[in-house]
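In what follows, a single structure is set out as structure tokens and then discussed.
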Amino acid sequence: MQKGRRGEIVDAKGNVLASSRSHWVLGLDPLRIDARDKSLIPQMASLLGIQVDSLDERFDWGAMYSGRIRDDVKWRKIKDDVDDATYQAVMALGIKGVYGYEQSERYYPAGGLASHVIGFVNKEGTPVMGVERTLDFYLRDTSGWRIGEINGTRREIRQLRSRDYPGQDGFTVELTIDINVQRIVEEELDMIWDSHQPESATVIVSNPHTGAILAMANRPGFDPNAFWKYDLDKDLRNRAISDVYEPGSTFKILAASAFVNERLGDRHTRFDCSLTRFPWRNRMITLPTDDKHWEELELREVLIKSSNRGAALAGLSLGERRLFDYCRSFGFGSRTGIELSGEEPGLLRELKDWDTYTASRVSIGYGIGVTPLQIHNAMCVIANGGTRVTPWIVRKVADVEGRSVIEFGKDHRERIISEYAAREIRECLNEVVSDEGTGRRAILEGVSAGGKTGTSRKLIDGEYDTRRHLASFSGFFPGDNPELVVTVMVNDPRNTPSTYGGRVAAPAFRNVAQKVAAYYGIRTPTPNNAVFASHP
């Protein structure tokens, strides 16, 4: 009786990322073994690559041949993982009472590539995480069944079998992932892992206009073909959607874009960054410090130099209510809705719980918890002209005939800021990725780019550790007319003169973006990113 097979998972170009392969489990019914087949047992053992002596140790052939066996077990396994040719050869021997059943197991041809996205199916056949779990309804096969009769010992009476119903194969799930972009990302993550020995690292690549995820990967990673060898919490967790951290300066794009969107100023509006205190809620509050002393800075310079005080002043000028509302509008504090299991909503405290310092700290990426995908999605808003698009990683589901059953990627789209505000901030971020900006190490050759560095201190035992950081960079390219967004987050990098985002994450962005741009043939007229020109 034919058994269905679980559906395949393929990338955007049809490359198989998850499939099923079958093998046979061979066994025998002790009550049906016939002494007349005794001479065939050595031949069966030879075909199976088993020593006859080992079979003699496991089975009481004499009792079975004489019919004296008193065994309630109706089937005993001889060998697992028998290939089809061997199974058919054994069946051709015609040994009465020897038969088996076909068993399917999941196989991942690309090994650990995109493992956190794909997930895996455990030995019991249960999908545990990733697309394997969230799309299980479409992927799972149906078992075949048979109409017939059984005797008093609950064995089938073969002569009375009336009909077999074959199993049905599962559907094929096509992802938005491009295996070539995914490979570029994972190779860069391996370099980060070897060079900086971080606690973890994440890279995401997507189309900001459609929300399609082209690559998503983390370190540490795992091989789904041997998932049992890895630590569930450390290795198997998809940190891109489940790790919640304080983002630091990458979050400054929110206060800056909200400031411009509310028409409180433009990228040339000046802030007095020499101030150490500021009147707020009928009292004077202490502003966050900068690494260097600045006097007046334009908003664009606040982003170029990553001034904490400038970003805090921009956020305070919005007021708590508007700042909170923009956090919500950008998607912080809620799940993005991507088709993956285990996504965390992050942490955005309700407005009533904000204290005197919350607004100034949130403006610089502290006092708020985000996932890498959330900060990536916020950069997509800037890159695509001001619209929040639901990220998606499943393109479609197709039936066994290849017909589309359901298509994804047409979900929620919402304008968050005006095109003008998005363009103003893009101009600022283009200057961040220049010789004058903190993102100078993200400069590409032949392609303009923009982005924002981020460095946040790690909270260890309730206190911020000045020596341990989360280094990040989120950016887009080309700079004037973005086609792709790349986000890099490195948790607790080591073995580097500086653990800041501009030193650790920006070069990783450059390496990924440069290769992806070459792969897609993306170029701009500029020889490098020191001078900017419009994308043709």
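Before moving on, here are some points about what is shown:
- For the range 311-339, a tally of residues being among the hydrophobic types (A, V, I, L, M, F, W, C) and more than 25 Å from GLU298 (Cβ to Cβ) returns 3.
- Where LEU236 falls short, out of the listed (1) more than 35 Å from the chain's Cα centre (by Cα); (2) of a type in the set (A, V, I, L, M); (3) more than 23 Å from THR453 (Cβ to Cβ); (4) crowded, with 21+ Cβ neighbours inside 10 Å: (1)
- Set GLY310, GLY315: member being touching a strand residue (DSSP E or B) at 6+ places or on another chain (Cβ under 6 Å), at pLDDT 95 or above and either within 24 Å of LEU470 (Cβ to Cβ) or not in a helix (DSSP H, G or I) (or both): GLY310
- Residue within the range 339-352 that is of a type in the set (Gly, Ala, Ser), modelled with pLDDT under 95 and in contact with a helix residue (DSSP H, G or I) (Cβ under 6 Å, 6 or more places away or on another chain) present: yes
- Single unsatisfied condition, SER317 versus (1) in contact (Cβ under 8 Å) with a residue 60 or more places away in the chain; (2) hydroxyl-bearing (Ser, Thr, Tyr); (3) over 21 Å from SER456 (Cβ atoms): (1)
- Any hit, the range 167-179, residues being assigned to a helix (DSSP H, G or I) and either at pLDDT below 65 or in contact with an Asp or Glu (Cβ under 8 Å, 6 or more places away or on another chain) (or both): yes
- Every listed requirement among (1) surrounded by fewer than 24 Cβ atoms within 10 Å (Cβ to Cβ); (2) outside any strand (DSSP E or B) is met by ILE406 save one, (2).
- Of the residues ASP465, ASP461, ASP492, the single one that is of a type in the set (D, E, K, R) and within 19 Å of VAL362 (Cα to Cα) is ASP465.
- Screening the range 79-140 for helices (runs of 4 or more DSSP H) wholly inside it with 2 or more residues that are surrounded by fewer than 21 Cβ atoms within 10 Å (Cβ to Cβ) and free of Cβ contacts under 8 Å to residues at least 12 places away in the same chain returns the ranges 84-92, 136-139.
- Residue in the range 191-207 that is among the aromatic types (Phe, Trp, Tyr) and crowded, with 21+ Cβ neighbours inside 10 Å present: no
So that you can scan it fast, the table gives a plain yes or no per residue for (1) in a loop (DSSP other than H, G, I, E, B); (2) more than 23 Å from GLY475 (Cβ to Cβ); (3) outside the structural domain of THR438 (by TED's automatic domain parsing); (4) at pLDDT below 95:
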{"position": "ARG267", "(1), (2), (3), (4)": "yes, no, no, no"}
{"position": "LYS292", "(1), (2), (3), (4)": "yes, no, no, yes"}
{"position": "ARG328", "(1), (2), (3), (4)": "no, yes, no, no"}
{"position": "GLY333", "(1), (2), (3), (4)": "yes, yes, no, no"}
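- Residue within the range 485-496 that is at pLDDT below 95, assigned to a loop (DSSP other than H, G, I, E, B) and not basic (Lys, Arg) present: yes
- Scanning the range 30-79 for residues being of a type in the set (D, E, K, R) and within 53 Å of the chain's Cα centre (by Cα) gives a total of 12.
- Yes/no for ASN491 being over 22 Å from PRO220 (Cα atoms) and either in contact with a Pro (Cβ under 9 Å, 6 or more places away or on another chain) or without any contact (Cβ under 8 Å) to a residue 40 or more places away in the chain (or both): no
- Test for GLN51: is it surrounded by 13 or more Cβ atoms within 10 Å (Cβ to Cβ) and not basic (Lys, Arg): no
- With respect to the conditions (1) part of a loop (DSSP other than H, G, I, E, B); (2) under 42 Å from the mean Cα position of the chain (by Cα), VAL25 lacks only one, and its number is (1).
- Scan of the range 438-459 for residues that are closer than 23 Å to ASP243 by Cβ, crowded, with 19+ Cβ neighbours inside 10 Å and among the basic types (Lys, Arg), ordered by number: LYS452
- For ASP480: the one exception among (1) of a type in the set (D, E, K, R); (2) surrounded by 15 or more Cβ atoms within 10 Å (Cβ to Cβ); (3) modelled with pLDDT under 95; (4) within 25 Å of the chain's Cα centre (by Cα): (4)
The values are calculated or read from the model by the stated rules, or taken from the named source; none is laboratory data. Everything numeric here is computed off the predicted structure, so don't read it as measured data. Glycine also receives a Cβ, built like all others from the backbone with ideal geometry; neighbour counts cover every protein chain displayed.
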